[in-house]
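Every number here is computed from the coordinates shown, using simple stated rules; none is lab data. All of these numbers come straight from a predicted model, not from anything done at the bench. When we count neighbours, we look across all protein chains shown, and the Cβ atoms used for this are built from the backbone with ideal geometry, even at glycine.
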Amino acid sequence: MGPVEQGFRAHLRAPSTLRTIGRGAPFVLRAVGHSGIVIELGAKRTATSVSWTCLESIPGFLRANPGWVVSGGLHSTTAVPGTLDAHLKRYVPRDIADWIVVLLRDAAIVDVDPGPPLRLRMKR
């Protein structure tokens with residue numbers, strides 16, 4: 001079990017309703033399971049699975065980009081290079097960055113600057 005999974009299991013409970021930073025849009029952490037998490041997004045509560053492989057890759061990405069990294073969530077299949085959104089779209093071809101930032105913050109893995117733009121960095 002990696003540090004992200006440990007943080008999620010220690011600090012988050014499923015199911016739970018959370019809110020995005022800035023817009024305050026509700027979303028649901030539906031499950032924290034063996035292979036990853038399931039979040040439900042938008043008015044239709046579209047279920048999206050995110051693997052532990054994806055989530056555990058985030059600390060390495062942030063360490064490779066020291067300082068504040070822009071979340072950069074775009075409702076597009078393309079992304080701005082260097083953003084968390086671009087990194088996550090290598091694993092999940094959807095806009096999930098802003099929702100993942102909330103979970104990482106609540107799991108005590110990252111610090112967040114609400115911006116705009118929304119930015120994150122590894123906890124010091």
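Here His11 and Arg121 are evaluated by their C-beta separation; at R0 = 22 Å the FRET efficiency comes out at 0.75. The trypsin sites (Lys or Arg not before Pro) found in segment 81-119 that occupy coil by DSSP, while having at most 13 further C-beta atoms within 10 Å, are Arg90.
With the simple spin-label model, which puts each label point 7 Å out from Cα in the Cβ direction, the Arg90 to Trp68 separation comes to 2.4 nm.
From the alpha carbon centroid of segment 101-124 to that of segment 34-55 is 18 Å. Modelled label positions at Ser49 and Arg19, each set 7 Å beyond Cα in the direction of Cβ, lie 3.1 nm from each other. Computed 3J(HN,Hα) for segment 28-41, one whole-Hz value per residue from the Karplus formula 6.51 cos²θ - 1.76 cosθ + 1.60 where θ = phi - 60°, is 10, 7, 7, 8, 10, x, 5, 9, x, 10, 10, 10, 10, 10, glycine and proline marked x.
Put in order of Cβ neighbour count within 10 Å, fewest first, the listed residues Trp52, Trp99, Trp68 become Trp68, Trp52, Trp99.
Multiplying the residue separation of His75 and Ala108 by 0.36 nm and removing their Cα-Cα distance gives an extension gain of 9.2 nm.
Relative contact order of the chain, taken over Cα pairs closer than 8 Å and 6 or more residues apart, is 23 percent.
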